[in-house]
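Have a look at the structure below, then the notes.
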Amino acid sequence: KKMTNDNLNKLLVFCVLFCAQKTSIVHGAQALETKVALLLHAEPENPKCFAEGMSDLTCFWEEDEERAGSADQYSFIYTYQNENSSECSITALPAAGGKRLYFCRLSQTQLFVPLDIRVFRDDLLIHNRSLFIEAVFLLDPPANLTLTSTGMQGQLKASWLPPSLKYMGDSMMYEVSYAMAGSHIGKVEEVQASSELILRGLQSGTKYKVRIRVKLDGISYSGYWSAWTDPVLMETMPGDLDPLIVSLSLIISLVLTLLSLLVLMSHRRFLLKKIWPIIPTPESKFQGLFKVYGGDFQEWLGHSTGGLWLRPTYFYSEEFPVPLEVLSEVSLGPALPSSALPPKASEALGEEEDEDKKLKRVDPALMEGWRKTPQEHWTMDQLRAIHQHPAPWTQSSLLESHDAYVTLNAQNHSVEEPLDDILEETLPLQVLFASGRTSSESRSDLGSVQQSSGSGRLSSQSSFEYPNHTWPSKGPGYTYMAVADSGVSMDYSPMSSNKIDDIGKGVIYTNEYKNEIPAHRRPIGTPIHFAF
Amino acid sequence: ICDLSVLNHFIKEAWDAEAAMRACKDACSIATNFTVPLTRVDFDVWEAMNIEERAQEVQSGLHVLNEAISSLQASNQTDVLQSHIDASISNIASIRQVLRSLSIPEYVPPTSGGEDKEMQIVSSISELFQVHINFL
């Protein structure tokens, strides 16, 4: 048993060694194959010779299988300068493509002298060549090609083991080829007498394929490019946000935000009006007028429980509407959001587009009684007093008496109604106030008011809304009027004829007052001036 | 001091000189023969040599080469060739200087030395000897 064990052990060792040698032989054979292929491609002369080290030379030539003879038919004669000739033994090996290769290998060589080679086949010279052995080096590719990260973006470090040839390390030239994995387009970098190279300018977070080959630089020694090493793959560092770019973009965005905020704040009111326009609706004052009866005022009247203003007597009175006179303009405090309007005013001056039609249906006769409650009267004297002293109304003077007054707001309300529609459907407020006529005359079509069309929008508010003497300041675009009782007739002569000023801009009408109460042009929105 | 780039520079200049000589051909032919050193190197043999033997080989070779090129200098050559010749001589002098600084012993071969190698005078001298130098 011991004997068999020993035998088995020996057999095992022998097998291992044999296998190891076989692999090395296989490797060597493979290397030789690649070199042969390389030289067949790169060297036109025959025989093709290459040196792998400091003191060897391998020569070979190729012949077609059909014409090939046996190895002993050939003779390889080589002669160093000023020396006698020698012969090299030839071995034949089959090659791909129906060819045969004949090899000669010298194990002791002289460099820096011309070498003369002659190949004979049956005493017939078939090849003749003179060469310097130090000029035909064909090295093995560099070994241990490794890729590492340099710690910086877009970089990789390639390092390798140079071929171990004495005295020649400084004469070696390397070519590193790198490309993105999967791409065929790559770049090449050359480096001399080094064993590492930093590849720069790579894309972050990408896999790269790198390979390398070696050649002697050609000054002292020269030769052919070696075979490429097997490619090595490595991924570059993932992309990192450049801190400078990040900080700059943050600063820029901050500045832009601040600017936009500033702009927004400075145009706050304007934007608010645009985005969230105040739409006064008379709905609350007319219970169910719009919802139930769809704006049919007559019907609603017939079914309503009545309200403070809904006295049929008013609607059927013979009295004519009282013209409104603008006594002066008052600029008051900050605007308050308007709530509901007095019914008559709102009907006269409804703002919604969809309410235009409703208003049209409103009986113009109803508008004649634009009244206030009996207890709120302006006396003629009061009016005349104000008339004679056209000082701007102060807030207190206005509100001392609980008079009814209507404010007509001019607002820019951009709507895409064509101008034609405006003219057709909505009559400007001028109809309220006939030009060149006295107050005794009545205007029946009070109801229609020019609405939105990009022009000013009229909204009215009643003093009833502001029992606490707080008059809402609607800003400069408003003109205020005191409505006198119908019992008083006033005679006003117009300053000038009405004219509709540039409807495109939305100004309803312009006018000048005889009483020289200044009608200020308002920068925002459209001014409303009323003609008499 | 022993910078290979310097030697490489000398070698390149020798290449240029050789190319110029080759182009010159007939106009630059010389009647006499020159004695030039052998340049062959067998590395196995070289490895076996000691420092003195190596020094001796190198120094004698340099000496002979210098002699040969200097003799060329005497004969009338074109300006282009003359510049090459001068450059080669100065290069050899530099190499000798380098060797001296490396404490490599100098050696002058005996004039009646057995090595009487004749090379292609005009064209290949530089090349052959420079290849010798490049090894060194």
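The values are calculated or read from the model by the stated rules, or taken from the named source; none is laboratory data. In this text the structure is predicted, and so the values were computed from the model without any measurement. Note that we place each Cβ from the backbone using ideal geometry, even for glycine, and neighbour counts take in every protein chain shown.
Annotations for the structure displayed:
The rows are residues; the columns are (1) under 22 Å from B:Glu47 (Cβ atoms); (2) among the β-branched types (Val, Ile, Thr).
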{"residue": "A:Thr150", "(1), (2)": "no, yes"}
{"residue": "A:Trp160", "(1), (2)": "no, no"}
{"residue": "A:Met168", "(1), (2)": "yes, no"}
{"residue": "A:Gly186", "(1), (2)": "no, no"}
{"residue": "A:Val214", "(1), (2)": "no, yes"}
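- Residue check: A:Asn9 meets all listed conditions (1) of a type outside the set (A, V, I, L, M); (2) without any contact (Cβ under 8 Å) to a residue 40 or more places away in the chain; (3) within 25 Å of A:Ile117 (Cα to Cα) but one, namely (3).
- When A:Ser260, A:Ser226 are checked against the criterion of being within 18 Å of A:Ser195 (Cα to Cα) and more than 14 Å from chain B (Cβ to nearest Cβ), A:Ser226 stands alone in meeting it.
- Residue count for segment A:33-71 under the criterion of being within 14 Å of another protein chain (Cβ to nearest Cβ) and without any contact (Cβ under 8 Å) to a residue 60 or more places away in the chain: the result is 2.
- Restricting segment A:274-330 to residues that are closer than 30 Å to A:Leu264 by Cα and part of a loop (DSSP other than H, G, I, E, B) leaves a set whose member that is modelled with the highest pLDDT is A:Trp276.
- Taking the criterion of being modelled with pLDDT under 90 and small (Gly, Ala, Ser), the residues of segment A:68-88 that qualify are A:Ala68, A:Gly69, A:Ser70, A:Ala71.
- The set of residues from segment A:92-120 being under 13 Å from A:Pro47 (Cβ atoms) and either within 14 Å of chain B (Cβ to nearest Cβ) or out of contact with any Cys (no Cβ under 6 Å at 6 or more places or on another chain) (or both) comprises A:Leu101, A:Tyr102, A:Phe103, A:Arg105, A:Leu106, A:Leu115, A:Asp116, A:Ile117, A:Arg118, A:Val119, A:Phe120.
- Top-ranked residue of segment B:39-61 - restricted to ones that are in contact (Cβ under 8 Å) with a residue 60 or more places away in the chain and either under 10 Å from the mean Cα position of the chain (by Cα) or part of a helix (DSSP H, G or I) (or both), ranked as farthest from the other protein chains (Cβ to nearest Cβ): B:Val58
- Residues of segment A:135-158 that are in a loop (DSSP other than H, G, I, E, B) and surrounded by 16 or more Cβ atoms within 10 Å (Cβ to Cβ): A:Val136, A:Leu138, A:Leu139, A:Asp140, A:Pro141, A:Pro142, A:Gln153, A:Gly154, A:Gln155.
- Of all residues in segment A:216-241, those that are farther than 17 Å from A:Asp140 by Cα and of a type in the set (Asp, Glu) total 2.
- Restricting attention to segment B:76-89, the residues that are loosely packed, with under 13 Cβ neighbours inside 10 Å and not in a helix (DSSP H, G or I) total 2.
- Being surrounded by fewer than 19 Cβ atoms within 10 Å (Cβ to Cβ) and of a type in the set (Ser, Thr, Tyr) holds for only one residue in A:Ser171, A:Ser204, A:Ser226, and it is A:Ser204.
- A:Lys10 vs. criteria in contact with a Phe, Trp or Tyr (Cβ under 8 Å, 6 or more places away or on another chain), basic (Lys, Arg) and in a helix (DSSP H, G or I): no
- Test: residue in segment A:170-179 that is within 14 Å of chain B (Cβ to nearest Cβ), touching a Pro at 6+ places or on another chain (Cβ under 8 Å) and without any contact (Cβ under 8 Å) to a residue 40 or more places away in the chain: no
- Segment A:121-134 residues that are away from chain B (no Cβ under 14 Å) and part of a strand (DSSP E or B), paired with ones that are of a type in the set (Val, Ile, Thr) and crowded, with 16+ Cβ neighbours inside 10 Å (beta carbon under 9 Å, 6 or more apart): A:Leu125/A:Val119; A:Ile126/A:Val119; A:His127/A:Ile117; A:His127/A:Val119; A:Asn128/A:Ile117; A:Asn128/A:Val119; A:Arg129/A:Ile117; A:Arg129/A:Val119
- In segment A:248-268, the count of residues that are more than 30 Å from A:Gly302 (Cβ to Cβ) and touching a helix residue (DSSP H, G or I) at 6+ places or on another chain (Cβ under 7 Å) is one or more.
- A:Tyr167 in contact (Cβ under 8 Å) with a residue 12 or more places away in the chain, at positive phi and out of contact with any helix residue (DSSP H, G or I) (no Cβ under 7 Å at 6 or more places or on another chain): yes
- Residues considered: A:Leu233, A:Leu248, A:Leu254. Of these, the only one that is at pLDDT 85 or above, in a strand (DSSP E or B) and hydrophobic (A, V, I, L, M, F, W, C) is A:Leu233.
- Qualifying residue in segment A:69-85 (condition: in contact with a helix residue (DSSP H, G or I) (Cβ under 9 Å, 6 or more places away or on another chain) and either exposed (fewer than 13 other Cβ atoms within 10 Å of the Cβ) or outside any loop (DSSP other than H, G, I, E, B) (or both)): no
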